[in-house]
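The values are calculated or read from the model by the stated rules, or taken from the named source; none is laboratory data. Note that this is a predicted model, so its numbers are computed, not measured. Heads up: the accessible areas ignore ligands, DNA and RNA and are worked out on the full protein's heavy atoms, side chains in. Shrake-Rupley method; radii C 1.70, N 1.55, O 1.52, S 1.80 Å.
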Amino acid sequence: MKRSTQRRLRHGALYALFVAAVVTLVLIADWKAIRTNFLDREIFDEIWPDIFLEGAKNTVLYTAIAFTGGLVVAFALALMKLSPIGPYRWAATVFIEFFRGLPVLIVIIMFAFAIPIAFGAALPGEARGAAITALIVVSAAYMAETIRAGIQAVPQGQVEAARSLGMSETRTMFTVVLPQAVRIIIPPLTNEFVLLLKDTSLIQVAGVGLGQKELTNFSSDALNTTSNATPLIAAAVLYLVITLPLTQLVAYLERRTKKAR
Amino acid sequence: MTAAIEVRDLHKSFGDNEVLKGIDFTVEDGQVVCVIGPSGSGKSTLLRCVNRLEEPTSGIVLVEGTDITDPEVDLDAVRSRIGMVFQSFNLFPHMTVLDNLTIAQRRVKKRTKAAAEVVARTNLEKVGLSEKSEAYPAHLSGGQQQRVAIARALSMDPDMMLFDEPTSALDPELVGDVLDVMRQLASEGMTMMVVTHEMGFAREVGDKLVFMDDGVILEEGAPRDVLGNPQHERTRAFLSKVL
């Protein structure tokens, strides 16, 4: 047998295996049970549009607040890590290593319940505010390292060229280094954003008030009241509706940046 | 008259490694001084000490009479009067050619956008790249990038230009265009300090040639004399390898 024929047969076999697996799954699945348990129209009508107007809205809102806050703190931490002054570097390192080393859930519980006990005063925004603050702190710890790496990835020659033209250190940072660092750090930061978006589902352990549930909280409560998994499927679809365009956008930006370089 | 650049007893160490071991050196106004020597001889370090990209360990560096090693000196102001051209071009990759030429004019010299663009276009024309003003550096050849880098430095209206092996990173067929631009600059009377391996350029354009080896200046004088009749054994050995 010729080599090319062999290769074609091997590819054909792999395709056949894949199709067989899909067909088997479709055949053995209990479609009636799936439809009544996961895709119930009546149950869906019960939760729509609240799952969108409350759940999805709060997920996006909490993510936006935590990400923006995290970004600001992360930027400060990155500059501290690059500082020539020792105590700043050490403080940033301790902060980053501490919060990266803990499960997010523990940090949220710490902020929501331990701080009020220890200091006799709660963080602003009640338990929900404390939980979001915890997300800010944790995401900042992760993003700080990304930003620092991005700044350091800009070649030293760029700084030298800018300084030779008479630009000050600060001016050089903002006109020459950061714009180039941003291109490097946007893809990893988007990953952080997606991770953070999913981590907002942990806010519920702090306990939230009426109209403040995010997607997971909303759908798992709906799951309990309706004894049906349709709300969970709806939440899953909504999560993907938010995250997929984001990851696609980043892939596009990455391609475009490569072209411009 | 004060010299454009005057270096007195300059020492520079990186840790235990002494790279410059007492350099005395002047560039007069309007002079073209070429610095040659084997790699590791300290010639680039000397050049980089002139605008304090390297911090001298001891000694004095006077630029138009201003001691730039003085901690009180406004270094940014001094640097904006010294054009610097690097071996690796160091254009800003996220900006167009025109923005590369205008950014420092606008941010440091506080020129308006329109005024900066007029200066930029004049200098692009001078280096023969008028049609590339909207291009990004990545789309230019090495020789074109280096000519843009020269135009960028010129756009600050510098009193003098420092060149750090400006043609060493270029393909051989692209070297000529860059040297032509530098030759033209020299003929216009620009004060230039050039670290180079281009002996032809040094002989033809240089007013003075400095040979460095192992952190000291071994020989200096008219290029014709240094190249044609070297006094030191080390200079002869080096020249026999590169000529």
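Here chain B yields Rg over Rh of 0.97, to two decimals, using C-alpha coordinates and the Kirkwood radius. The spacing between the range A:132-184 and the range B:185-238, judged by their C-alpha centroids, is 40 Å. Percentage of Cα-Cα pair distances in the range A:112-261 greater than 21 Å, rounded to whole percent? The proportion of pairs with Cα distances above 21 Å equals 62 percent. Considering only DSSP beta bridges whose two residues both sit in the protein assembly as shown, what percent are antiparallel, to the nearest 5? Here the antiparallel bridges make up roughly 55 percent for the protein assembly as shown. Listed by chain and number, the lysines placed with their C-alpha closer than 19 angstrom to that of residue B:132 are A:259, B:113; residues fewer than eight positions away on the same chain are left out. So, for the protein assembly as shown, what is the accessible surface per residue at a probe of 1.4 Å, expressed in square angstrom? Normalised by residue count, the accessible surface of the protein assembly as shown is 50 Å².
Against chain B, whose longest principal axis comes from its Cα atoms, helix B:172-187 is set at around 90 degrees. Among A:148, A:100, A:35, which one shows the highest mean-square fluctuation when chain A is modelled as a Gaussian network with alpha-carbon springs under 10 Å? In this elastic network of chain A, the residue with the biggest mean-square fluctuation among A:148, A:100, A:35 is A:35. Please find, in a Gaussian network model of chain B (springs between Cα atoms separated by less than 10 Å), the residue of B:198, B:72, B:188 whose mean-square fluctuation is greatest. Result: B:72 has the largest fluctuation of those listed.
Only DSSP H runs of four or more residues enter the estimate; each adds -39500 (n - 2.57), and after division by the residues of chain A the mean residue ellipticity at 222 nm equals -25000 deg cm²/dmol. Share of carbon and sulfur in the accessible area of chain A stands at 67%, probe radius 1.4 Å. Shape summary of the protein assembly as shown, radius of gyration then Dmax from alpha carbon positions: 32.2, 100 Å.
Once every DSSP H run of n ≥ 4 in chain B is given -39500 (n - 2.57) and the sum is divided by its residues, what mean residue ellipticity at 222 nm do you get, rounded to the nearest 500 deg cm²/dmol?
-11000 deg cm²/dmol
The distance separating the Cα centre of the range A:199-261 from that of the range B:4-69 comes to 60 Å. Across all C-alpha atoms in the range B:1-64, the radius of gyration and Dmax reach 11.6, 38 Å.
Of the solvent-accessible surface of the range B:72-163, computed with a 1.4 Å probe over protein heavy atoms with every protein chain present, carbon and sulfur atoms account for 47 percent.
Interface A/B, total buried accessible area with a 1.4 Å probe, nearest 100 Å²?
The summed interface area works out to 1900 Å².
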